[in-house]
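These notes are about the structure you will find just below.
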Amino acid sequence: MDEKTWYEKAYRGEDAPQLTIRALVMGSLLGFFLAFTNLYIGLKTGWHLGVAITASILSFSIWSALVRARIAKTPMSILENNCMQSTASSAGYSTGGTLVSAFPALLLLTGSHPPVWVLAFWVFFNAVLGTTLAIPMKRNMINQERLKFPSGVAAAVTLQSLYSEGKEALLKARALFASAGIAALVPLVKDLGLRVVELPKRHREALIPGSSKIFDWLPGISVAGKKVALSDFNVKLDHGIVLVAAGGIIGLRATISMMIGAIALVWFVAPAALTASWTNAAGHVVTAATKPASAWKEIGVWVGAPMMVTAGLFGFARQWRTIVRAVRGILSKSGEEDELVARTEVPMKWFAIGAGISGTALAILAWRAFQIPLHFGLLAVLMTFFLALVACRALGETDVTPTGAMGKITQLTYGVLMPQSTTANLMTAAVTAGAASASADLLNDLKSGYLLGANPRRQFIAQFAGIFAGTIATVIGYFALVPDATALTGKGGVDPAFAAPAAQQWKAVAEVFRVGIANMHPMARHAIFAGVLAGLVLSVLESFFPKAKRFLPSPTGVGLGFTLPFYYPLAMFLGALIAWIAHALSKERAERYTVPISSGLIAGESIIGVIVAILNNFVLK
């Protein structure tokens, strides 16, 4: 239906309860904890997972239990729950993007964190910019063009099913809570340092190791004529659940692609890199990789990162029609507004005020904290608006946000403008990628509200309110999970707690501009060329043979497999395989339980994982 018809037939009016205190409080509380899950899974895999559906199931079941216990007097209405999931989604998604990419990459390059206040204000104002950028996009892309926004539709359908099928809601809630309870035990036995070990020196250890070397009975890998155990190349079984659960959501094609990249790295690229010697400019003889366990970040990243960057930029270029439609749509006039529309839609002056304040604040922060000239910081903010246009429309049409491409366009731009400054390269990209992806994701929530007949202005306020809880949660979680660079690099033969593949990718692009390709190891240079070529070929094949796409490896997945320790893709592949088998055995059960169980497993291990990290780093240390 068009906008006028929507107001006549779908809009539920201004008197319907929506933006209530209990909805905001519930959304902020759930968003606070779900922000931990996205930060945790983002540092593990580089992916962000939407939290709207998880928040809806949790809120409905929790509030229903409070009503049954007579703690709450009345059930929460469907529009209140929609407002709640908008707050939770904003908290859980819009605040954590830069903390799994730009800031970890900066830590890897400099070895230190910026001050807490810098990080907190950066996260907050970046989220404000992303939230307000959604204002001019919403009416054009949702009301007038009625783009699909599939995830937003799915969230609306979930809410409708919860309120129409009480038994279905109860089953999903039980599955989510049960899986969360099981997963919560994993960090307690795998990560919490409770056991005191005396030798070689007194230190604390978890009850069980983080992984098992169950593949070492297989033939090792030959390096310079010697057999090296598979576990030395990270071919082992991770004892965590969160990666398995993430694989169940991501799917079989992406995880098989990741395994292709991981296998190619371990059995072909890494052994060659360990023996490829070169005399650098300082006169030192170095190899392309120093040891098997670190080959993924020493040589694998130079194959995987260019592959992902090329695929992202190719996909961006292919969307030129989307870019044209986005600019044309936002510049078009929608005619006179009647009083009801003016009273319910978010006014453009809110966009001007929010974007103006947050954009200026980010430019000043970039100048004072990262020595980025003020005019370059303002240029990054201006670029963000145009890139957000594309990101929002791409999500609305395809359900895919080109976040990687958004960041890489800025990195390439500032690689030319300020080639020697890795800080400028990273932090300007953090503005564009973080705000553009946040604005796109929040349109999913506004699409849900549109389908349910919600008041868009009140829903925007709910989204804005979620920023505060999300900022607090992500900043606390980030410093708890990543107290120093060893959490990302490992130490003394111990695997890193987080591979941070997004950060590794951003770091690689920034380093290319700082060092210059000519000063890199020859094998790294060849790897970059091979990665670009492979990413281009796979992207072209996907483009020209769309019907065969599901049989082709994903260039992003293959590239990611090169930039992770082997046990990461393996765990995610196992999760996808389990979900596929469950779907083959019973499609109905799989569609009912896959998302709730996977979301519960991720939430349980992630939330308790953050608590365990706080205990390990600040209490048991």
message: If a residue must be hydroxyl-bearing (Ser, Thr, Tyr) and in contact with a helix residue (DSSP H, G or I) (Cβ under 8 Å, 6 or more places away or on another chain), how many such residues does the range 241-298 contain?
response: 4
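Name the one entry in Asp441, Asp445 that is in a helix (DSSP H, G or I), modelled with pLDDT under 85, on the phi < 0 side of the Ramachandran plot and among the charged types (D, E, K, R).
Values: Asp445 fails: modelled with pLDDT under 85.
Sole residue among the options that is in a helix (DSSP H, G or I), modelled with pLDDT under 85, on the phi < 0 side of the Ramachandran plot and among the charged types (D, E, K, R): Asp441.
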message: Take the conditions closer than 19 Å to Asn82 by Cβ, of a type in the set (Val, Ile, Thr) and either in a helix (DSSP H, G or I) or modelled with pLDDT under 80 (or both) and apply them to Ile461. Does it pass?
response: yes
message: With the structure loaded, tell me whether Ser179 is modelled with pLDDT of 85 or more and surrounded by 12 or more Cβ atoms within 10 Å (Cβ to Cβ) or whether it fails that test.
response: yes
task: Please specify each residue of the range 60-75 satisfying the condition of being surrounded by fewer than 24 Cβ atoms within 10 Å (Cβ to Cβ) and closer than 17 Å to Gln160 by Cβ.
output: Ser61, Trp63, Ser64, Pro75
statement: Taking the range 554-571 and the residues there that are in contact with a Pro (Cβ under 9 Å, 6 or more places away or on another chain) and part of a loop (DSSP other than H, G, I, E, B), the one that is surrounded by the most Cβ atoms within 10 Å (Cβ to Cβ) would be Thr563
query: Inside the range 492-533, can you point out the residues that are hydrophobic (A, V, I, L, M, F, W, C) and part of a loop (DSSP other than H, G, I, E, B)?
result: Ala497, Phe498, Ala499, Ala500, Met520
field: Filter pass, Arg12 being among the charged types (D, E, K, R) and at pLDDT 90 or above
entry: no
task: Please find, among Ile330, Ile353, the residue that is under 30 Å from Tyr7 (Cα atoms) and modelled with pLDDT under 90.
output: Ile330
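Taking Ala154, is it small (Gly, Ala, Ser) and within 30 Å of Met383 (Cβ to Cβ)?
No; evaluated as a whole, the condition is false for this residue.
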- prompt: Looking at this structure, is Ala487 part of a helix (DSSP H, G or I), without any contact (Cβ under 8 Å) to a residue 24 or more places away in the chain and of a type outside the set (D, E, K, R)?
  reply: yes
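Looking at Ser586, Ser539, which one is buried (at least 21 other Cβ atoms within 10 Å of the Cβ) and not charged (D, E, K, R)?
Ser539
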message: Please pick out the residue among Met383, Met406, Met308 that is crowded, with 17+ Cβ neighbours inside 10 Å, in contact with a helix residue (DSSP H, G or I) (Cβ under 6 Å, 6 or more places away or on another chain) and at pLDDT below 75.
response: Met406
task: List every residue pair whose Cβ atoms lie under 6 Å apart, where the two residues are 6 or more positions apart in sequence or sit on different chains, the first residue falls within the range 85-102 and is closer than 17 Å to Gly407 by Cβ, and the second residue, located anywhere, is of a type in the set (Val, Ile, Thr).
output: Thr95/Val123; Thr95/Thr471; Thr95/Thr474; Gly96/Thr474; Leu99/Thr474
- line: Residue set Ala527, Ala502, Ala480, Ala518; condition buried (at least 20 other Cβ atoms within 10 Å of the Cβ) and over 17 Å from Gly300 (Cα atoms); output residue Ala480
message: Any residue in the range 344-366 that is part of a helix (DSSP H, G or I) sitting within a Cβ distance under 6 Å of a residue that is of a type in the set (D, E, K, R) and modelled with pLDDT of 90 or more? List the pairs, counting only those 6 or more apart or interchain.
response: Thr344/Arg457
statement: Within the range 507-526, residues being in contact (Cβ under 8 Å) with a residue 60 or more places away in the chain, farther than 20 Å from Thr489 by Cβ and either touching a Lys or Arg at 6+ places or on another chain (Cβ under 7 Å) or hydrophobic (A, V, I, L, M, F, W, C) (or both) number 2
message: So if I check each of Ser28, Ser90, Ser86, Ser56, which one is buried (at least 21 other Cβ atoms within 10 Å of the Cβ), more than 19 Å from Leu601 (Cα to Cα) and in contact with a Leu (Cβ under 7 Å, 6 or more places away or on another chain)?
response: Ser90
- request: With a cut-off of at least 3 residues that are free of Cβ contacts under 8 Å to residues at least 24 places away in the same chain and closer than 26 Å to Val515 by Cβ, name the helices (runs of 4 or more DSSP H) lying wholly within the range 183-298.
  value: none
- request: Restricting attention to the range 94-112, report how many residues are within 30 Å of Gly27 (Cα to Cα), in a helix (DSSP H, G or I) and touching a helix residue (DSSP H, G or I) at 6+ places or on another chain (Cβ under 6 Å).
  value: 5
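In this structure, is Gly377 closer than 15 Å to Ala127 by Cα, surrounded by 15 or more Cβ atoms within 10 Å (Cβ to Cβ) and modelled with pLDDT of 85 or more? Give the steps one after another, and end with the answer.
Numbers: closer than 15 Å to Ala127 by Cα: no; surrounded by 15 or more Cβ atoms within 10 Å (Cβ to Cβ): yes; modelled with pLDDT of 85 or more: yes.
In short, no.
The values are calculated or read from the model by the stated rules, or taken from the named source; none is laboratory data. Here the structure is a predicted model, which is why all the values come from computation and not from measurement. Positions of Cβ are backbone-derived with ideal geometry, glycine not excepted, and every protein chain shown enters the neighbour counts.
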